[in-house]
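Chemist: Before we start, here is the structure in question, set down as structure tokens.
The values are calculated or read from the model by the stated rules, or taken from the named source; none is laboratory data. Values in this document were obtained by computation on a predicted structure and should not be read as measured data. Heads up, the Cβs are rebuilt from the backbone with ideal geometry, glycines too, and the neighbour counts pull from every protein chain shown. Heavy atoms of the whole protein, side chains included, go into the accessibility calculation; ligands, DNA and RNA do not. Shrake-Rupley method; radii C 1.70, N 1.55, O 1.52, S 1.80 Å.
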Amino acid sequence: GKSGSKIQSTPTKAGGDRYIPNRSTMQMEVANFLLTKENDPAEESPTKKEQQKAWAVNLNGFDVEEAKILRLSGKPQNAPEGYQNNLKVLYSQKMTPGSSRKNGRYIPSMPDRILDAPEIRNDYYLNLIDWSSQNFLAVALDNSVYLWNHTSGEIIQLLQMEHPDDYVSSVSWIKEGNYLAVGTSNAEVQLWDIQQQKRLRNMTSHSSRVGSLSWNSYILSSGARTGHIHHHDVRVAEHHVATLAGHTQEVCGLKWSLDGRYLASGGNDNLVNIWPCTQGDSGDFAPVQTFTQHQGAVKAVAWCPWQSNVLATGGGTSDRHIRIWNVCSGTCLSAVDAHSQVCSILWSTNYKEFISGHGFAQNQLVIWKYPTMAKVTELRGHTARVLNLTMSPDGATVASAAADETLRLWRCFEMDPIKKKEKEKANSAKSSIIHQGIR
């Protein structure tokens, strides 16, 4: 370089240059002693060796044998505690913790039970099965309704339509499970007492078949082929208390939210309407939200059990999408292409998941994670399109009714026994608090 310029020198690093070792760390005197010691042919007794080791530790603060620079035999030295080799991440053959993590719980791919459902109507717009809080599964088979007691296995024929051309088009249990509402093709809404196995009343206000039903306490809402929804107060003689006119075609999906604030309706006109529980100032009911994004009939409507303002909806053959909505803001939180007709959606009460039932081409059930919308698993077995889904009162089993004239019971939301006990404890604590409040 030019005169006057500084001469550059290699910066000194702690630990020395990678080619020239730092001698201060190598204990050269000890190495010299070991090399000369190896030329000494005299054999030492084990006692003498132990004595030398003790002296070495006292004098040097370390064992001379452990301080060899190159160790050609014996066990490899253990790495100090907390030491991590950065190259291990790059060259390790083992699976990384992320990929070796368990996939989660075991979900049986086969149904727990298969029941015959002869003459079940292969009609997308009808709602033909429902599972009560008292563990009775109601199934509409053409012009009859059967009850299957899941606890005992007993089967009861509850009713048969008087006219052979009439058929049952919908069934829905009241929350307490002691009354069953039945919609028919001749525009009736019947109410049945399960203990007595008797019809309590026959409510006629519609002019076409009643394909969907949903309860909100003592108010029973029914959706008809005309597109009208009627509210029935089942306690009074003049049962028809309101008409909701927001659909131009058949109402095939109908669900009250768990808190009873909103009624969601889906129709063959591809619309989803969200209705309030109370009338507006004009005395009429008007939807608080109308969602128009679906390109097919909307039969699958389901409220999230842990987020009261979140609704899942699914579209028919020309749409095939599952959409999640915030009904307060009116925003679509997420949408996923299911690649097949969506007939039904149920939210799990045991996991942050939901299950959907499908038609052409796979006729399968799909479990989805929420809110990621990742597919957990697919349940196959039906040989024709799935028509309806319903869930057992404990939330562990899903029943699917399909056009292959079978009902299949899938134990897909079985709880871990420890978690189950914790949940039962929490529920019993809640109920005891309620009882204390009443006293």
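Chemist: Does any residue of the range 267-289 turn out to be open to solvent by less than 30 Å² (accessible area, probe 1.4 Å), closer than 19 Å to L389 by Cα and among the polar types (S, T, N, Q)?
Modeler: No, every residue in the range 267-289 fails to be open to solvent by less than 30 Å² (accessible area, probe 1.4 Å), closer than 19 Å to L389 by Cα and among the polar types (S, T, N, Q).
Chemist: May I ask you to list the residues in the range 338-396 that are open to solvent by 20 Å² or more (accessible area, probe 1.4 Å), in a strand (DSSP E or B), over 24 Å from F136 (Cα atoms) and aliphatic (A, V, I, L, M)?
Modeler: The one that is open to solvent by 20 Å² or more (accessible area, probe 1.4 Å), in a strand (DSSP E or B), over 24 Å from F136 (Cα atoms) and aliphatic (A, V, I, L, M): V376.
Chemist: Would you mention how many residues in the range 137-173 are open to solvent by 30 Å² or more (accessible area, probe 1.4 Å) and farther than 26 Å from V298 by Cα?
Modeler: 13
Chemist: Which residue is farthest from S392 (Cα to Cα), if the candidates are limited to the range 175-223 and must be among the aliphatic types (A, V, I, L, M) and open to solvent by 20 Å² or more (accessible area, probe 1.4 Å)?
Modeler: L200
Chemist: Can you go through E405, E424 and tell me which one is out of contact with any Leu (no Cβ under 6 Å at 6 or more places or on another chain) and modelled with pLDDT under 95?
Modeler: E424
Chemist: Of these, Q197, Q160, which one is at pLDDT 95 or above and on the phi > 0 side of the Ramachandran plot?
Modeler: Q197
Chemist: Just the residues that are outside any loop (DSSP other than H, G, I, E, B) and either hydrophobic (A, V, I, L, M, F, W, C) or without any contact (Cβ under 8 Å) to a residue 24 or more places away in the chain (or both), please, taken from the range 102-123.
Modeler: Within the range 102-123, I114, L115 qualify.
Chemist: If I filter the range 280-290 for residues that are among the charged types (D, E, K, R) and within 24 Å of the chain's Cα centre (by Cα), do I get at least one hit?
Modeler: Checked against the condition, which is being among the charged types (D, E, K, R) and within 24 Å of the chain's Cα centre (by Cα), the range 280-290 yields no hits at all.
Chemist: Looking at the range 132-139, can you tell me whether even one residue there is among the small types (G, A, S) and in contact with a Gly (Cβ under 9 Å, 6 or more places away or on another chain)?
Modeler: Looking for residues that are among the small types (G, A, S) and in contact with a Gly (Cβ under 9 Å, 6 or more places away or on another chain), one finds at least one in the range 132-139, hence yes.
Chemist: For the range 397-408, how many residues meet the condition of being of a type in the set (A, V, I, L, M), open to solvent by 10 Å² or more (accessible area, probe 1.4 Å) and part of a strand (DSSP E or B)?
Modeler: 0
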